[in-house]
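Every number here is computed from the coordinates shown, using simple stated rules; none is lab data. The model shown is predicted, which means the values in this text are computed figures rather than measured ones. With ideal geometry, Cβ positions are generated from the backbone for all residues, glycine too; neighbour counts draw on all protein chains shown.
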């Protein structure tokens, strides 16, 4: 499966708005542009990148693993703050499309920080 930064941005926004003490699980809704499998894959990627606090637990009733989210990390908040504004995100999406939909995360993070800096300096 290919990493999709639009899914990651959507999940960061959802996690920030849904945060609750004690952990919570996200569910895919009709409005989402991704499947449950894609969501779980991207949540694991976000954990590996240290963007979110995530734990895998066994749901004994359902007899399956469940991903519990405990919020964003400092780095997760920093990334979200740099890509939250739609104008900044659309500028980055143009760059992503030019790079065939993918670029190294470190490059995206730097571009997002530069775009955010320019955006907020202009206000």
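In this entry, the range 1-64 is assigned a mean projected area of 5.0 nm², taken as a quarter of its C-alpha convex hull surface. Helix 105-122 and the longest principal axis of the C-alpha atoms of the chain enclose an angle of approximately 60°. Among DSSP beta bridges lying fully in the chain, give the percent that are antiparallel, nearest 5. Rounded to the nearest five, the antiparallel share is 100 percent. Annotation: extensible slack from residue 84 through residue 53 equals 9.2 nm (criterion: 0.36 nm per residue apart, minus Cα-Cα distance). Computed on the range 5-122, with alpha-carbon pairs under 8 angstrom and 6+ residues apart, the relative contact order is 24 percent. Working from label points 7 Å from Cα in the Cα-to-Cβ sense, the residue 64 to residue 13 distance is 2.7 nm.
The translational diffusion coefficient of the chain, from Stokes-Einstein at 25 °C and 0.890 mPa s with a Kirkwood hydrodynamic radius over alpha carbon pairs, comes to 160 µm²/s.
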